[in-house]
Every structure is written in C-alpha cells, then in structure tokens.
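What follows is a single structure, written as structure tokens, with notes after it.
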Amino acid sequence: MSAVPPPTAALADLAAVLGEDNVRTLVRTFLRDFPLSFQELSGGKRSNRHRVAHSMKSNSRLMGALTLSQRMAELEARLERADGLDVTPADLTAINAEFEKIAGPLRTFVAA
C-alpha cells in the first residue's frame, strides 16, 4: 500500500473495490487522454465535440473532479442543442484550469 492515498473520495472508494494499482492505471489513462480530448474540443464536427464533452464529463466524475465534470456536463448540454453556444475560448480556458487543479494531486498519486 502506498504512502500517498487516492486524492479524492471517489478514487478512494474505487480503490477499495478495484485495488490501488488498478486505480493508478485508470488515473494514468485519464492524465494521458484528457489533454488529447481537450484538443478535440477546438475543431471538427459539432457532433464529435459533443461526444468528446460527454466522455470528458464521465471520466472527470470517475476521478472525483466534480467541478470539472459539471463544467463538461454544461458544455455537453450546449453542444447537444443545435442552437446552443459552441465551445468558446473562455470554455477552453476554464476547462484547462479545472484540469490543472486535479492533475497535480493525481500525478502525485500515480507517482507513489
């Protein structure tokens, strides 16, 4: 067992079921994939941005990054509506800031 516990209650609960090593694998995947998904929000088809926002919402919730998950849920809902506002530079800035808040503790957890 590591000296660095899971950084969120959601990950601690998941570790109790799956084990910390498996949760670390999930966290590493999140840390690798979230920035790639973030890049996809800037271009391409609206339907793809909607799908990406949905995935980012779910993955953030799994990590216990509830503020980030909520932000992604709001973006997902906007992208779902044909008349909804598209992804804005302000959205991208806010999403990146929320990701960075959780990324540090997640990186510490997986490095242990």
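What percentage of all Cα-Cα pairs in segment 1-50 are separated by more than 16 Å?
51
Work out from phi, with θ = phi - 60° and the Karplus expression 6.51 cos²θ - 1.76 cosθ + 1.60, the ³J(HN,Hα) of each residue of segment 89-103, listed in order in whole Hz, and give x for Gly and Pro.
So the Karplus estimates, Gly and Pro as x, are x, 5, 4, 4, 5, 5, 4, 4, 4, 5, 4, 5, 4, 8, 4 Hz.
Quick check: the distance between the Cα centres of segment 51-112 and segment 1-40, to the nearest angstrom?
15
Please give the helix 66-80 orientation as an angle from the longest Cα principal axis of the chain, in degrees from 0 to 90, rounded to the nearest 10.
The helix 66-80 is inclined about 30 degrees to the chain.
Coordinate-derived values only; no laboratory data. Computed from a predicted structure; not experimentally measured.
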